[in-house]
Amino acid sequence: MRATSSVNGGCATLLGTGHFSKVKLGINRKTGEKVAIKIIVKPTGSKIAMLKTEVDIMTKTEHPNVVKLYKVHETTTVLYLVMELLTGGELFDRIVARGHYSEDDARKLTVVMLKAVLYLHEMGIAHRDLKPENLLLKDTSEEAAVKITDFGLSKIFADSAEGEVIMKTSCGTPGYVAPEVLVHEAYSSQVDLWSIGVIVYILLCGFPPFYGDNDAQMFRKIKAGSFKFLSPYWDKISSDAKDFVAKLLVVDPKKRMDCRAALTHRWLVSEQVSMKNLFDGSAKPAPTAGAAPEPEADSGVDTMQQMFTDFNIDRKVGQGMEALRKAFDLPGDAVRLRKSRCALVSQLGAFYVTSYHLCFIGGLGKKLAVPFSDLAKCAKAKRFKMSPGHGHAIHLTTKDGTVHQFNAFTDREEVFKAIAQQAKTVAANVVFEDM
């Protein structure tokens, strides 16, 4: 396969960036097939070995649910990986966008993940960084295949007298990392099963099992295996599903289910798993940092869909003001004055009143920042019948005449007052009115 544009240094479409690489769109000159080209500037020192490991792993794999590496092109300073192009986005984004999602859907996704990870483990590969960001869809079709991607933190292990070579390098992502990694013990491919347990927990309720004000608090809970199936969020979920998760989130890796045991668990082999829409019902707030979720009055937004939206926003934007500044390129002295749930037209998300901007980020990644200096009018408006949720609307009109329609505010009066107060503070000339 010979790919044009990216390998030849052309201005190909940029698909994404990472800490040490970027991905551009390429085209097979002979077939016209589109591919993704991962462009990596060769690191120095021990990271070269890590890079070689990633390439070696990907060239060995051939599975419908593992991203395919077609070809490797190398120069003295750069490595080009010609890979299968995945155009369907992240799995969790697709779940957020769906109107129907059931326990049976979660079960089917779990089977796919486990079969792919079993394949990797039988080849002597541990992924070591399984998380929602690394679960992508082949295309935008309804039946698109889920693909496991990004083996940057993986390491090959081989059979030994005890069945495997133990890995000792600490890696992984906070929230998904296994307890044996955190206590710096020797660990094995069983770390992937812990990560799958965390992902399945989220698939069934919309928020993670371990949380805290900071990583240290979260890590203490992970090391203790301290989590709960909180009511009312888990009330609709079967006892078999809870048992499945509980047998993966086991601190002792030797007592944790492996892939084969997990695939034979009664939740995955049962034909009686509920197909009831978990997105139906009134919303309950997802847990905030450092606190378990608490029930609240009906806010009119679908329960699980809102939870997945909140979870997606937190993982895309991050927690805290510094993450918010980075996400919207806000001034260094900007502070967050209020955060609320709403929808920008039809996309559920979070609305922030900050020192100098009104910001929105949707669960599917849509972002908007309106400076107070550009704001001409802020108006209370009627809710459109086709908009999500049951809350009230606020329309923001900028000086160039653009109108941004925010729907489903359950706390519209408080948001309206916060905007008015900050507009006065920064001396913005804004008209406030009811429509």
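Over 32 Å between Cα atoms, which of Lys131/Lys382; Lys131/Lys366; Lys24/Lys276; Lys30/Lys138 qualify?
From the list (Lys131/Lys382; Lys131/Lys366; Lys24/Lys276; Lys30/Lys138), the Cα-Cα distance tops 32 Å for Lys131/Lys382; Lys24/Lys276.
Could the peptides 220-231, 174-185, 109-120 be put in order, highest first, of the mean number of other beta-carbon atoms found within 10 Å of their residues?
Ranked from most to least packed, the peptides come out as 109-120, 174-185, 220-231.
To make sure I understand, if each residue's beta carbon is the centre and we count other beta carbons within 10 Å, what order do Trp267, Trp234 fall in, fewest to most?
Trp234, Trp267
Arranged by the count of other C-beta atoms within 10 angstrom, fewest first, what order do Thr76, Thr59 take?
Least to most surrounded, the residues fall as Thr76, Thr59.
Taking the dipole about the Cα centre of the stretch 91-269, with the C-beta of Lys and Arg at +1 and of Asp and Glu at -1, give me whichever of Phe219, Pro132, Ala116 is farthest to the positive side.
Value computed over the given set: Phe219.
I want the local charge near Gln422. Using Cβ-Cβ distances under 13 Å, sum +1 for each Lys or Arg and -1 for each Asp or Glu among the other residues.
Net charge in that neighbourhood comes out at +3.
Roughly how many Å is it from the Cα centre of the stretch 319-344 to that of the stretch 127-146, as a whole number?
28 Å
Neighbour counts of other C-beta atoms within 10 Å: give me Ser355, Ser195, Ser238, Ser46 arranged from fewest to most.
Ser46, Ser355, Ser238, Ser195
Bear in mind these aren't lab numbers, they're just calculated from the coordinates by the rules spelled out. Worth saying up front: this structure is predicted, and the values here are computed from it rather than measured. Positions of Cβ are generated from backbone atoms using ideal geometry, with glycine treated the same way; all protein chains shown enter the neighbour counts.
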